[in-house]
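J.: Please find one structure pasted underneath; my questions will follow.
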Amino acid sequence: MSMKMRVSLAIVMFAILATVGLVSVAAALTTDEAKQLFQSKGCTGCHNGAMAPDFEGTVAVIKEWASKYASLDEAVAAEAPNFKMFNNAKTWDELMNAMPGITPELKDYFAKVFEEAKSGGAAPAQEEKPTEASTTEAETPTTTTTKPVPVQTQQPVKPKPTVTYQKLPQVPVPNPSEEAEPLVQTGLPVGLALYLAAVGVLVIAMAVASRR
């Protein structure tokens, strides 16, 4: 497929989607129109407040679904077993197709109620023309006075004093036993030598005396 044909196909698809969107917007019902269509199609035969919720009650139920479920299909799958009728429905389309009198416009309206409640908005309402009083009030400018906010002065932060620690020199502790050990090792041989020398001198002296 050439580039020119792709561009042409994209333009045609965009035109179709835009047309569908415009038709959907044009076909959207207001609350009053939806209520009138709901009554004219015979839905109130069951949705009369006794067998099933009336129009306002149905809208309230759908808004409650929006606060509990992520989609209408999930809501129908969870809530359908509690219905007096149509308790076998599994999806939103199955439930709507099983109900007599429901038109595509009403189906889209109730789906719109769900989406509006899901996004935090209000249900579609009939447009009202602005009255002269509201127009005059809207055109009157309002002045607001802004009070100056006092600026708090920040107190200077005092620096923390720096503490320095001086390490004292290590003094060796005298150990008498260790100091005496070398003296003992050298003194013992010297003393023994002096003792032997003294004995030798004594022997020589006695020998000389005996000769005289």
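J.: Let me confirm the definition first: pairs of Lys residues in the stretch 35-118, 8 or more apart or on different chains, C-alpha distance under 13 Å. How many are there? Mind showing how you got there, number by number?
T.: Values: K35/K107; K41/K107; K63/K112; K63/K118; K68/K118.
Here the count comes out as 5.
J.: With each pseudo-label sitting 7 Å past Cα toward Cβ, what's the L188-R211 distance in nm, one decimal?
T.: Result: 3.8 nm between the two label points.
J.: Quick one: grab Rg to one decimal and Dmax as a whole number for the stretch 35-118, Cα atoms only, in Å.
T.: My reading of the Cα-based Rg and Dmax gives 11.8, 31 Å.
J.: How far is it, in nm, from the label point at V203 to the one at M51 when both lie 7 Å from their Cα along the line to the Cβ?
T.: If labels sit at V203 and M51, their model points lie 14.9 nm apart.
J.: Report the residues of the stretch 89-103 in range of a label on T44: point 7 Å along Cα→C-beta, backbone N strictly under 16 Å from it.
T.: Only 101-102 fall inside the zone, counting backbone N under 16 Å.
J.: Compute the length gained on full extension between Y195 and K68: take 0.36 nm times their separation in residues and subtract their Cα-Cα distance, giving the result in nm to one decimal. Could you put the intermediate results ahead of the total?
T.: Numbers: separation 127, 0.36 × 127 = 45.72 nm, distance 11.50 nm.
34.2 nm is the gain from fully extending Y195 to K68.
Laboratory data are not the source of any read-out in this text; all were calculated from the coordinates shown. From a predicted model like this one, the values you see are computed outputs, not experimental measurements. Positions of Cβ are backbone-derived with ideal geometry, glycine not excepted, and every protein chain shown enters the neighbour counts.
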